[in-house]
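The values are calculated or read from the model by the stated rules, or taken from the named source; none is laboratory data. All of these numbers come straight from a predicted model, not from anything done at the bench. Using ideal geometry, Cβ is built from the backbone for each residue, glycine included, and neighbour counts are taken over all protein chains shown. The protein model used for the area step is the full one, side chains on, heavy atoms only, and it has no ligands, DNA or RNA in it. Shrake-Rupley method; radii C 1.70, N 1.55, O 1.52, S 1.80 Å.
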Amino acid sequence: MRDIADSLYTTNAILFDHKNINGYIEPIYVDIRYTLGFAIERNRIIKKIEDTLVENYKTCDLVAGVSTAGIPFAAIIANNLDLPMCYVRQKAKTNGIGKRIEGRIEKHQKTVIIEDVVYSGSNVFNVYSALQEKELEILGVISIFSYDIDTCIRNFKDNVIHHQSLTNFDEVISLGFEKGIINNEKYEELLHYRANLPKQALYSNVTWW
């Protein structure tokens, strides 16, 4: 985990006191898309995802990227491992033929979902449900970074969704503290922030396997 956390700092993917689209200041924001512009760090992340997939999901025959930031990683991994690939939007297009899932898929394909950041887990649960409706067999989810919110972890466990992340909130802020990027006051603020992130159950209406 530490090497991936270090790559996120190297690529400036970790942003502190970031103003979101609603105008609120978030103490920390992780933008994995920054890593795409750094070949060494990008390839390190890709290799780690590939190793995780091959080790844990040997029967995988479809890689599914979560739109949008999961798409480039899923595409590179599928190409490197000679696997089919699709990607899933959060909702169907309103133009063209109105597809939500792009790419050729078949019933019962053993699928691994690739996501960049798992926050509340709602994006993943949304995509999981969409793939399940197409009768795909979801083996698990691989993310690059996870906030590891208690409710999200519990939902994955309760619904038997196997999720692995290359690095997480604790690893990132611990490394930032060691590097002197985060001081004691900021470290405590970040822990408090994570402790008060969403606690409600997510997608209780989804039919899980």
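Give the ranking of Asp148, Asp158 by solvent-accessible surface, highest area first, calculated with a 1.4 Å probe. Let's see the in-between values first.
Details: Asp148 40, Asp158 105 Å².
Result of the area sort, largest leading: Asp158, Asp148.
In the chain, carbon and sulfur make up what percent of the accessible area (probe 1.4 Å)?
Numbers: 5170 of 10640 Å².
Its accessible area is 49 percent carbon and sulfur atoms.
Could you state how much accessible area His108 has, in square angstrom rounded to the nearest 10, with a 1.4 Å probe and all protein chains kept in place?
Only protein atoms counted, so the area is about 120 Å².
If you take every residue apart from Glu171 with its C-beta less than 12 Å away from the C-beta of Glu171, what net charge results, scoring Lys and Arg +1 and Asp and Glu -1?
-4
Taking amide H atoms as placed 1.01 Å from N in the peptide plane, list the residues 5 or more away in sequence, or in a different chain, whose amide H sits under 5 Å from that of Ala13.
HN-HN under 5 Å from Ala13: empty list.
What is the set of long-range amide H partners of Ser165 at a cut-off below 5 Å, with H atoms built 1.01 Å from backbone N?
Sorted by chain and number, the residues that satisfy this are Ser143.
If you put +1 on each Lys and Arg Cβ and -1 on each Asp and Glu Cβ, how big is the dipole of the chain around its Cα centre, in Debye rounded to 20?
720 debye
Place a +1 charge on the Cβ of each Lys and Arg in the stretch 28-127 and a -1 charge on the Cβ of each Asp and Glu, then give the dipole magnitude about the Cα centre in debye, rounded to the nearest 20.
360 debye
What are the ³J(HN,Hα) values, in whole Hz, obtained from phi via the Karplus relation 6.51 cos²θ - 1.76 cosθ + 1.60 with θ = phi - 60°, for each residue of the stretch 86-96 in sequence order, with x given for Gly and Pro?
9, 9, 10, 7, 6, 8, 5, 4, 9, 10, x
Whose amide H sits under 5 Å from the amide H of Ile28, counting only residues 5 or more places off or on another chain, with H placed in the peptide plane?
Distant-sequence amide H within range of Ile28: Asp17, His18.
If you roll a 1.4 Å probe over the heavy atoms of the protein chains, what accessible area per residue do you get for the chain, in Å²?
51 Å²
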